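Asker: This is the structure I have questions about; it appears just below.
The values are calculated or read from the model by the stated rules, or taken from the named source; none is laboratory data. From a predicted model like this one, the values you see are computed outputs, not experimental measurements. Backbone-built Cβ (ideal geometry, glycine too); neighbour counts: all protein chains shown. With ligands, DNA and RNA removed, areas are computed over all heavy atoms of the protein, side chains included. Shrake-Rupley method; radii C 1.70, N 1.55, O 1.52, S 1.80 Å.
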Amino acid sequence: MKTRDFLFVLAAVAVAACAQTPEERVKAYEEAHDAMIQEYRQMMDSLSNDREKAQAYYDDFVEEYVEFNLKAAKKNPDNEVAVQVLMNLRGLIEDEQALEIISKMPAEMLENEEVAYLKAGLDARIATAEGKPFVDFTVNSVVGQTRSIPPQPVYADVKLSDYVGKGKYILLDFWSPWCGPCRREMPNIKAVYDKYKGDNFDVVSIAVWEREPVEVTIETAEELGMDWNQINNGGREPAALYGVEGIPHIILFGPDGTILKRGFHGAEIEEVVSSYLK
């Protein structure tokens with residue numbers, strides 16, 4: 001038996017049988033989990049010069065790691081193990097799987113700050129999943145400048161429904177000026193915009209989680225050649241409504257506002273948009 005397989009069996013047995021009290025169950029889980037991670041790191045170090053083997057090992061490990069954690073959560077729905085599983089599997093399991101773990105937690109555990117945050121995001125993503133109608137939001141956005149010297153920003157309420165559900169396919173891009181990956185995505189968005197803009201298609205960028213004054217967002221958009229519709233000063237609410245946990249995050253809406261696709265990047269942008277505009 002491979003060392004990793006032995007650890008996997010040991011971990012499952014430790015969590016399933018050895019611990020009795022909630023505290024003992026948590027301790028057994030943490031020890032088994034840490035052993036798996038330690039072996040993973042050692043193996044990845046040893047395979048650092050063989051990318052193909054490292055990738056194969058990583059793929060196998062993730063599969064076993066997810067299985068181990070899901071079994072641990074199933075056997076420990078009412079203690080801290082379930083909370084740790086949620087944190088450890090973030091980004092590795094489907095939202096429905098995470099929601100199933102949460103659904104089995106007692107009411108007092110749902111008050112845990114991390115669990116409450118995760119559940120809010122899960123609920124938002126499920127409410128705005130592919131096939132669902134869009135959820136509207138309003139942002140007090142800068143829409144121009146006064147003619148005074150120096151010019152002052154002019155704010156106005158801008159709604160997502162000003163663009164979505166109006167008979168066009170709309171590509172919505174969640175971004176922020178400080179976000180490196182967002183900047184790197186812009187050429188892909190611009191290429192699609194330049195190719196398909198017109199009566200059937202348009203792009204809207206919504207700036208969220210800004211860390212600097214809104215003027216920086218406006219200047220950055222100009223610098224990046226983002227000559228499509230802009231909603232700035234978004235703050236946190238738009239991302240929260242759509243359960244967005246990382247940016248860039250892209251959503252394609254149908255002409256009637258139905259969410260057609262979300263969470264795609266790079267070359268996929270062209271592929272997705274073109275598949276609907278054929």
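Asker: Could you tell me which label, among (i) 43, 27, 14; (ii) 38, 20, 16; (iii) 43, 22, 18, carries the value of semi-axes √(5λ) of the Cα gyration tensor in Å calculated for this structure?
Answerer: (iii)
Asker: When you count, for each residue, the other Cβ atoms within 10 Å and take the mean per peptide, how do 112-120, 28-36 rank with the highest first?
Answerer: 28-36, 112-120
Asker: OK, next. Amide H to amide H under 5 Å from PHE137: which residues, 5+ apart in sequence or cross-chain, H placed 1.01 Å off N in plane?
Answerer: Under 5 Å from the amide H of PHE137 lie the amide H atoms of LEU160, SER161, each far enough along the sequence or on another chain.
Asker: Amide H neighbours of TYR169 under 5 Å, at least 5 residues apart or on other chains, H built in the peptide plane: list them.
Answerer: Those qualifying (amide H under 5 Å, at least 5 residues apart or on another chain) are PHE201, ASP202.
Asker: Now for a different question. Which entries of LYS159/LYS190; LYS119/LYS166; LYS75/LYS119; LYS159/LYS197; LYS71/LYS132 show an alpha-carbon separation above 29 angstrom in the structure shown?
Answerer: The answer is LYS119/LYS166; LYS71/LYS132.
Asker: Run the quick spin-label model on ALA156 and SER48: label points 7 Å from Cα toward the beta carbon, then report their separation in nm to one decimal.
Answerer: 5.7 nm
Asker: Just to verify a number: FRET efficiency for ARG41 and SER274, C-beta to C-beta distance, R0 = 45 Å, to 0.05?
Answerer: Using R0 = 45 Å, I get an efficiency of 0.60.
Asker: Below 14 angstrom from the Cβ of THR138, what's the summed charge of the other residues (Lys, Arg +1; Asp, Glu -1)?
Answerer: Cβ neighbours under 14 Å give a net charge of -2.
Asker: Let me ask something else about it. Ordering TYR163, TYR65 by how much accessible area each has at a 1.4 Å probe, largest first, what is the list?
Answerer: Solvent-accessible surface, decreasing: TYR163, TYR65.
Asker: Averaging sequence separations of C-alpha pairs under 8 Å and six or more residues apart, then dividing by the length of the chain, give the relative contact order as a whole percent.
Answerer: Here the relative contact order equals 17 percent.
Asker: Order the following by accessible area, largest value first: LYS27, LYS278. Probe radius 1.4 Å; ligands, DNA and RNA are ignored.
Answerer: LYS278, LYS27
Asker: Determine the sum of side-chain charges near LEU277: Lys and Arg each +1, Asp and Glu each -1, restricted to other residues whose C-beta is under 14 angstrom from that of LEU277.
Answerer: With Lys, Arg at +1 and Asp, Glu at -1, the net is 0.
Asker: Whenever you get a sec, line up SER161, SER103 from highest to lowest accessible area (probe 1.4 Å, protein heavy atoms).
Answerer: From most exposed to least exposed: SER103, SER161.
Asker: Cα centroids of region 155-207 and region 244-278: how far apart, whole angstrom?
Answerer: 10 Å
Asker: Normalising by the residue count of region 178-278, find the relative contact order in percent from Cα pairs under 8 Å and 6+ residues apart.
Answerer: With pairs under 8 Å counted, the relative contact order is 30 percent.
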